[in-house]
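Contents: one structure, followed by commentary.
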Amino acid sequence: PRDPDGVPLYPGLAKSLSAAARDRLIGQGVPFALRLDMASARARAGELRWLEAGEGPAGESGDVVARPEAWGDVILARKETPTSYHLSVVIDDALQGVTDVVRGVDLFWSTSVHRLLQELLGLTAPNYRHHRLIRDAAGQKLSKSTQATGLRELRAAGASPADIRRLVGLQ
């Protein structure tokens, strides 16, 4: 089984370890990750939804049903990273009083995990708007990880703010 990004789901190997065995491995410096027990979290949270003002990958909009179980037991922290992206954005948005979140459509289904964490932590859910991605001539999304052209370079090449908004589908 794979998550919505195509990554294999965690098979739950460490779930069968005793607390003593886990403590021993951590004490030995073995890399570890703290994961959310998705089945337990889903049972506690019940049905989750979010308000989508944009459009998902298959045209989803309006009242969207969250499906965090598609991600399996997501990582909340690692030995070398004190918090995951999912946990960080949920807490950061809540602390800042964010009411509207605008992200690329590539993060559309990650919102399911964010809604689950918001519910478990008793946080208010913001409104969401996912926009289409800016792509290069080969159809690949512009990304820092591939050293793709950034907004600064697009602006330096003459793209106006209105041009950028059109590229991502915002009028």
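Are there any strands (runs of 3 or more DSSP E) wholly within the stretch 26-137 with 1 or more residues that are of a type in the set (Ser, Thr, Tyr), and if so which?
127-131
Residues of the stretch 3-22 being of a type in the set (A, V, I, L, M), surrounded by 10 or more Cβ atoms within 10 Å (Cβ to Cβ) and either under 30 Å from residue 106 (Cα atoms) or in contact with a His (Cβ under 8 Å, 6 or more places away or on another chain) (or both), which ones?
7, 9, 14
Can you tell me which of (1) free of Cβ contacts under 8 Å to residues at least 12 places away in the same chain; (2) exposed (fewer than 14 other Cβ atoms within 10 Å of the Cβ); (3) in the same structural domain as residue 29 (by TED's automatic domain parsing); (4) closer than 29 Å to residue 35 by Cβ is the one residue 146 doesn't meet?
(3)
Could you say whether any residue in the stretch 111-118 is out of contact with any Lys or Arg (no Cβ under 9 Å at 6 or more places or on another chain) and at pLDDT below 90?
no
Looking only at the stretch 62-73, decide whether some residue is at negative phi and loosely packed, with under 13 Cβ neighbours inside 10 Å.
Yes, the stretch 62-73 has at least one match.
How many residues are free of Cβ contacts under 8 Å to residues at least 12 places away in the same chain and either loosely packed, with under 14 Cβ neighbours inside 10 Å or on the phi > 0 side of the Ramachandran plot (or both) when one looks only at the stretch 74-95?
The number of residues fulfilling the criteria is 4.
Go through the residues of the stretch 33-55 one by one and say whether even a single one is more than 24 Å from residue 120 (Cα to Cα) and either of a type in the set (D, E, K, R) or out of contact with any strand residue (DSSP E or B) (no Cβ under 8 Å at 6 or more places or on another chain) (or both).
The answer is yes; a qualifying residue exists.
I need a count of the residues in the stretch 53-93 that are within 19 Å of residue 130 (Cα to Cα) and over 15 Å from the mean Cα position of the chain (by Cα).
The total comes to 11.
Would you mind stating whether residue 113 is surrounded by 12 or more Cβ atoms within 10 Å (Cβ to Cβ), under 24 Å from residue 70 (Cβ atoms) and free of Cβ contacts under 8 Å to residues at least 40 places away in the same chain?
no
Just the residues that are in a loop (DSSP other than H, G, I, E, B) and not aliphatic (A, V, I, L, M), please, taken from the stretch 138-154.
139, 140, 143, 147, 149, 150
Just need a number here: residues in the stretch 126-170 that are charged (D, E, K, R) and touching a Ser or Thr at 6+ places or on another chain (Cβ under 8 Å).
Total meeting the criteria: 1.
Determine which member of the set 58, 33, 14, 39 is modelled with pLDDT of 95 or more and of a type in the set (A, V, I, L, M).
Result of the check over 58, 33, 14, 39: 39.
The values are calculated or read from the model by the stated rules, or taken from the named source; none is laboratory data. Computed from a predicted model, the values in this text were never measured in an experiment. FYI the Cβ positions are ideal-geometry reconstructions off the backbone, even for glycines, and counts take in every protein chain you see.
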